[in-house]
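The values are calculated or read from the model by the stated rules, or taken from the named source; none is laboratory data. This structure is a prediction, so every number in the text was calculated from the model and none was measured. Neighbour counts run over all protein chains shown; Cβ positions are idealised from the backbone, glycine included.
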Amino acid sequence: MSKLRYERPIIRMLNSTITQKFGSSPGFKPFTHIDGMSVKELIADYGSPLFVVSERTLRQTYKAAYRAFSTRYPKVQFAWSYKTNYLGAVCQIFHQEGSWAEVVSRFEFEKALRNGVAGNKIIFNGPEKTEDDLRTAVQYGALIHIDHFDELNMLSMVAVELGVKPKVAIRVNMDTGVYPIWDRFGFNYESGQAMEAIQKIMTDGFLELVGLHCHIGTFMLSADAYRIATEKLSKLALHIAEHFGHSLSYLDLGGGFATKNTLRGAYLNGADAAPSFHDYAEAITDVLLNAGFQAGQLPTLILETGRALVDDAGYLLGSVIANKRLSDGRRATILDFGVNILFTAFWYEHTISTAQACGQYGEDAVLYGPLCMNIDVIREHIKLPPLNRGDQVVVHRVGAYNMTQWMQFITLRPNVVLLDMDGKPHLMRAAETLDDLVLNESIPEHLMELVH
């Protein structure tokens, strides 16, 4: 019999989880399956760490969001936010459901085209559009959302050069009662910048103004902020109709809807704090229906929802590397994934479950990743039963931004698996190798020979 490793005793208060009206709950419930597929089998087949995306959840969430808006308003169009998760399979699921594409770079624009999205169903946002980007977007008939006056002037020159009249909208920033105001992007409403841009477009006649766009913030926990934004965009649209005799085709309320993730330092749990799709829909559509648009001239409502559509569908599976005690007596558990692939650990206190049955009692612990960086912290404080080396965990709601903002820092990026509608796994992005990392590198000839 091998000798057990000694660990000095620590006296700590144990927590037997939340007490309910029937007494203490029976312990920590393991999360063992995703859409009927065993977490342990997925790790055995595809390795650890591993991202898993549920197609069933993606489609159900999209349908729920679309239903919330379309049952309240007759003209609704979603445009999938590519920067949130631009893995091809994820984008295709949303496009199959009827979503257009919303992109903020040339790379994303070309990816949308490669995914089969028609040019006139691509919304091109963002402040960094080059002259060549604009020329390409015009040639494909994309909807170009103008961010600043330099872009407006450059696009006007491109339009004259090509002899076409591009369809455009302007991005408007405004005070919605949520601070700090997102006034970095677009033309300000309160200062009159937005009206100045509209006046220039309508007077010059080089561009066809078809819409107005705003994106008031990210992870917005106030549905009322969208009510204020819709009121201001509607007033601008009605002003254009009155003074120029020109009706806009759409109003784009952008994205920013919150998910049930819990923000770091938040007082309330995310599930309690986040508005529902119905809350956002009620705030936006009530204003549109009562703003004063003429019968038959209601603008199409475009939504660039990203995070709220994909977050719940994503999971990160990982394994315990080791345990140790910190100097203050807290248990530190080291996992095989870090903030290089779980970027949202900086923003959220992610729900993390064990993938196997554990004890009844929990202990406050710190969860670290494997990186040689002190900031590689997955959770600063979490109540979990003591985990052993080789145990597995599941991080919930990781579908948004982690697979676009991840990086190959110290460790390479892992496999990503899609579980289809029947729970069958499909590898939709293979784990990287050293060959992938050095693919675009070159070493000058004089550095090829090592000096001994």
Q: Please specify each residue of the range 159-198 satisfying the condition of being over 22 Å from residue 303 (Cβ atoms) and out of contact with any Phe, Trp or Tyr (no Cβ under 9 Å at 6 or more places or on another chain).
A: 161, 162, 163, 164, 179, 180, 188, 190, 191, 192
Q. Does residue 284 fit the bill of being assigned by TED's automatic domain parsing to the domain that holds residue 49, among the β-branched types (Val, Ile, Thr) and touching a residue at least 12 places away in the same chain (Cβ under 8 Å)?
A. no
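Residue-by-condition table, conditions (1) over 19 Å from residue 217 (Cα atoms); (2) surrounded by fewer than 17 Cβ atoms within 10 Å (Cβ to Cβ); (3) of a type in the set (Ser, Thr, Tyr):
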residue: 276; (1), (2), (3): no, yes, yes
residue: 284; (1), (2), (3): no, no, no
residue: 291; (1), (2), (3): yes, no, no
residue: 312; (1), (2), (3): yes, no, no
residue: 321; (1), (2), (3): yes, yes, no
residue: 324; (1), (2), (3): yes, yes, no
residue: 335; (1), (2), (3): yes, no, no
residue: 338; (1), (2), (3): yes, no, no
Q) How many residues, within the range 255-303, are under 27 Å from residue 124 (Cβ atoms) and in contact with a His (Cβ under 9 Å, 6 or more places away or on another chain)? A) 3
Q | Whichever residue in the range 427-439 is modelled with pLDDT of 95 or more, closer than 15 Å to residue 407 by Cβ and not acidic (Asp, Glu) and, among such residues, is surrounded by the fewest Cβ atoms within 10 Å (Cβ to Cβ) | A | 431
Q) What is the residue count in the range 112-168 for residues that are among the charged types (D, E, K, R) and outside any helix (DSSP H, G or I)? A) 5
Q) Looking at the range 367-374, is at least one residue among the hydroxyl-bearing types (Ser, Thr, Tyr), under 19 Å from the mean Cα position of the chain (by Cα), surrounded by 18 or more Cβ atoms within 10 Å (Cβ to Cβ) and closer than 30 Å to residue 29 by Cα? A) no
Q. Taking the range 303-325, which residues are out of contact with any helix residue (DSSP H, G or I) (no Cβ under 8 Å at 6 or more places or on another chain) and in contact (Cβ under 8 Å) with a residue 40 or more places away in the chain?
A. 304, 311, 315, 318, 320, 321, 322, 323, 325
Q: Name the one entry in 151, 208, 196 that is touching a residue at least 12 places away in the same chain (Cβ under 8 Å) and surrounded by fewer than 19 Cβ atoms within 10 Å (Cβ to Cβ).
A: 208
Q: Check residue 404 against each of (1) touching a residue at least 40 places away in the same chain (Cβ under 8 Å); (2) under 16 Å from residue 49 (Cα atoms); (3) not in a loop (DSSP other than H, G, I, E, B) and name the one condition it does not meet.
A: (2)
Q) Restricting attention to the range 305-341, which residues are out of contact with any strand residue (DSSP E or B) (no Cβ under 6 Å at 6 or more places or on another chain), in a loop (DSSP other than H, G, I, E, B) and at pLDDT 95 or above? A) 338, 339, 340, 341
Q: Collect the residues in the range 253-285 that are out of contact with any Asp or Glu (no Cβ under 7 Å at 6 or more places or on another chain), within 15 Å of residue 227 (Cα to Cα) and either not small (Gly, Ala, Ser) or not in a loop (DSSP other than H, G, I, E, B) (or both), keeping them in residue-number order.
A: 253, 257, 275, 277, 278, 279, 280, 281, 282, 284, 285
Q. Does residue 230 qualify as being among the hydroxyl-bearing types (Ser, Thr, Tyr), surrounded by 21 or more Cβ atoms within 10 Å (Cβ to Cβ), in a loop (DSSP other than H, G, I, E, B) and outside the structural domain of residue 398 (by TED's automatic domain parsing)?
A. no
Q: Could you check, for the range 20-40, whether at least one of its residues is part of a helix (DSSP H, G or I) and either surrounded by 13 or more Cβ atoms within 10 Å (Cβ to Cβ) or at pLDDT 95 or above (or both)?
A: yes
